[in-house]
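A.B. asks: One structure follows; several queries about it will come next.
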Amino acid sequence: MPQIVMAVLVRDDEVLLCHRTAEREWYPNVWDLPGGHVEDIEELDDALQRELEEELGITVAELPEPMLGVSFYDVEGTVWALPRWNGEVENRAPQEHDDLRWFRIDHLGDLDLAAPQIVELCRLAVESTLPDR
């Protein structure tokens, strides 16, 4: 089964989503998490680093442990919650995404999402990055 890696970038109480272009073969014209397919010889964390650099122009100095593994898109996915990164987020893959936006969790239900699990993944990511109270 193919594997994908995804990141939930968290800024305060918002998450970053990428809008897939209408021309995409798989899941066109929907909002999705940044990430992508793991190449044959890649480790999961290397694949995530590569995808974040290619799509958003950012790097992560030290990846935390993955938040969880999920099954959707007919693939196995590994998801990281990322509250810190280096560089400014920008759309470096306009052939894949025609928009990048920050959303509050309570607004995600109004969007056409690539998978319904994205709402819960984003909620868990925001909760996992909150300071202990």
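Read-outs throughout are calculated quantities, based only on the coordinates presented, and are distinct from any laboratory measurement. Being a predicted model, the structure only gives us computed values, none of them experimental. Cβ atoms come from the backbone with ideal geometry, glycine included; neighbour counts cover every protein chain shown.
A.B. asks: If you take every residue apart from V15 with its C-beta less than 13 Å away from the C-beta of V15, what net charge results, scoring Lys and Arg +1 and Asp and Glu -1?
C.D. replies: After counting each charged neighbour, the total is -3.
A.B. asks: At 222 nm, what helix-only mean residue ellipticity would the chain give, in deg cm²/dmol to the nearest 500, using -39500 (n - 2.57) for each DSSP H run of four or more?
C.D. replies: On the way: 2 runs with 26 residues, N = 133.
Result for the chain, helices only: -6000 deg cm²/dmol.
A.B. asks: How high is the relative contact order of the chain? Use alpha-carbon pairs under 8 Å, at least six apart in sequence, and give a whole percent.
C.D. replies: 34 percent
A.B. asks: Also, I was wondering about something else. Taking amide H positions as placed 1.01 Å from N in the peptide plane, with prolines and chain starts having none, which residues 5 or more places from W80, or on another chain, fall under 5 Å of its amide H?
C.D. replies: M6, A7, V8, M67
A.B. asks: Going from the alpha-carbon gyration tensor of the range 1-129, what semi-axes, largest first and in whole Å, does one get by taking the root of 5 times each eigenvalue?
C.D. replies: 18, 18, 15
A.B. asks: Given Cβ point charges of +1 (Lys, Arg) and -1 (Asp, Glu) and nothing else, what value in debye, to the nearest 20, does the dipole of the range 3-127 about its Cα centre take?
C.D. replies: That gives a dipole near 360 debye.
A.B. asks: Given Cβ point charges of +1 (Lys, Arg) and -1 (Asp, Glu) and nothing else, what value in debye, to the nearest 20, does the dipole of the range 1-68 about its Cα centre take?
C.D. replies: 320 debye
A.B. asks: Also, I was wondering about something else. For an R0 of 35 angstrom, estimate the FRET efficiency from the Cβ-Cβ distance between T59 and D110 and round to the nearest 0.05.
C.D. replies: Once rounded, the FRET efficiency stands at 0.65.
A.B. asks: While we're looking at this one, here's another question. Of the options V60, L100, M6, report the single residue whose Cα projects farthest towards the positive end of the charge dipole of the chain (beta-carbon charges: Lys, Arg +1; Asp, Glu -1).
C.D. replies: Result: L100, furthest along the dipole toward the positive end.
A.B. asks: May I ask you to evaluate 6.51 cos²θ - 1.76 cosθ + 1.60, the Karplus curve with θ = phi - 60°, for each residue of the range 90-100 and list the ³J(HN,Hα) values in order in whole Hz, giving x for glycine and proline?
C.D. replies: 8, 7, 9, 9, x, 6, 9, 10, 9, 7, 10
A.B. asks: A further question on this structure: Once R0 is set to 25 Å, what does the formula 1/(1 + (r/R0)^6) return for the Cβ-Cβ distance between D74 and D45, expressed as a FRET efficiency to the nearest 0.05?
C.D. replies: The computed FRET efficiency comes out at 0.65.
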